[in-house]
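In what follows, a single structure is set out as structure tokens and then discussed.
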Ligand code: NAD
């Protein structure tokens, strides 16, 4: 099969179109013929070994997010059958830990990532555990199916707290922040304010949602709150930039007793003024990935009931043009980039 893999040495410049023997599914596994894959923030970090301590060994097939058709099932697979159109949960879990055995699969410390430690989705064929295959209904076409992983991050983060009638501050208008804004609107938040320092991203957010967008490099959040007649502060904060400055701003503009879900990954250790967190009695929840499989259930149900995030896909390109897609992502001058194997 044809694969795009980091070959010989680390670094994006070492990504090459190569070939590998076609994989066969083992017991409990399914083999997918990939239809579409999408570039994730993680895929920019993996080639430079920047994704924590998680990165696997070379050669490594990139990408974790995609859609495929099941073409073969291994022994013992009953829930999935040949011909099914599925997306794959990219976290492969063990079954030994306390959390996994309690059914909290997304909290399993033994998790390995597709396209991180095990062969990724940027290949003609992908082998995953049948357990990880998610059936896609007709309402979820291939390109939306290819971005369900980051949509799942947005859904898991946004649904961490009750949003009905609440005022929400989202810091970071990357694809995930924008999709989170759409989710907040879908489930009944009142004011949704999204900040960034990149006008392209804020304009994209305006196309996807009716959230109020703020470029914090030249506008004051307090002024925006005043225009919205907000008195005390945001009820909920969704941190989706990884920028320490954005977290500080969020703490400053939350109501007493407000709640923060932290998804954005800072590039290194950061300093937090915990006094402000404590004296505001804030609740902070760290978010990793998405819940298996409740987030998948909710997000597909929301897509079937009117949640529309299609405009967050700004670029569709042939798999062979991946380098252009990666470059756009690095510059921040795109939403989601979907790569097509056809
Ligand atoms: P992205 O990098 O495309 O978007 C981040 C946005 O934050 C950018 O548009 C950037 O301009 C903006 N930003 C930078 N400084 C800012 C500031 N001071 N205030 C407001 N915005 C600012 O990332 P994405 O793909 O949308 O993902 C969002 C974040 O979530 C990233 O940090 C990513 O690493 C992280 N992430 C975490 C998980 C997890 O499991 N915890 C999963 C996926 C992504």
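Computed from the coordinates by the stated procedures, all read-outs in this text should not be read as laboratory data. As the structure is a prediction and not an experimental result, all values here were calculated from the model. Neighbour counts run over all protein chains shown; Cβ positions are idealised from the backbone, glycine included.
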With the contact rule set at Cα under 8 Å and sequence spacing of 6 or more, what percent relative contact order holds for the chain? 17
Relative to the longest principal axis of the chain, what angle (0 to 90°, nearest 10) does the C-alpha long axis of helix 244-253 take? 40
Residue of 157, 171, 55 that the Gaussian network model of the chain assigns the largest fluctuation, springs spanning Cα pairs under 10 Å: 55
Relative to the chain, whose Cα atoms define the longest principal axis, helix 199-208 and its Cα axis are tilted in degrees, nearest 10, by 80
Rounded to 10°, Cα long-axis angle of helix 322-331 versus longest principal axis of the chain: 20
Overall form of segment 153-286 per C-alpha gyration tensor (a/c, 1.5; a/b vs b/c): rounded
Once the cut-off is 30 Å, how many percent of the Cα-Cα pairs in the chain end up in the long-distance tail? 35
What does the highest-first list of 212-221, 195-204, 65-74, 146-155 look like by mean Cβ count within 10 Å? 146-155, 65-74, 195-204, 212-221
So for each of 81-92, 322-333, 174-185 I average, over its residues, the number of other beta carbons within 10 Å; can you give me the resulting order with the highest mean first? 174-185, 81-92, 322-333
Spin-label pair residue 270/residue 24, simplified geometry with 7 Å Cα→Cβ offset, distance in nm: 4.9
